[in-house]
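Read the structure below first, then the notes.
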């Protein structure tokens, strides 16, 4: 077995985040949002995310949760649900 105890959860998270950041521009979008929240430049955050996605580092629990929150927020439909009516 190549995975240490507790690592399967992180590995599953990493696979999901890789999938969600695969579309063009998504990595930069999340890096930009992280730079606005936590300071630092977008380029620094982009490089840090690339290291994490390559499996070369492990994020803190705080960073892991921030990334999840940003990805979840990005999936929400625009508006508060009542603004968009039927086109027909």
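Using the structure shown, decide if residue 15 is modelled with pLDDT under 95 and part of a helix (DSSP H, G or I).
Judged against the criteria, residue 15 is a match.
Scan region 5-35 for residues that are touching a residue at least 24 places away in the same chain (Cβ under 8 Å) and over 15 Å from residue 73 (Cα atoms) and jot them down.
The answer is 10, 13, 14, 18.
Keeping to region 41-59, report how many residues are modelled with pLDDT of 90 or more and outside any helix (DSSP H, G or I).
2
List the residue pairs whose Cβ atoms are under 8 Å apart, where the first residue sits in region 36-52 and is at positive phi, the second is surrounded by 12 or more Cβ atoms within 10 Å (Cβ to Cβ), and the two are 6 or more positions apart or on different chains.
Here the result reads 40/34, each pair linking region 36-52 to a residue that is surrounded by 12 or more Cβ atoms within 10 Å (Cβ to Cβ).
The values are calculated or read from the model by the stated rules, or taken from the named source; none is laboratory data. Keep in mind that what you see is a predicted model, and the values were worked out from it rather than measured. With ideal geometry, Cβ positions are generated from the backbone for all residues, glycine too; neighbour counts draw on all protein chains shown.
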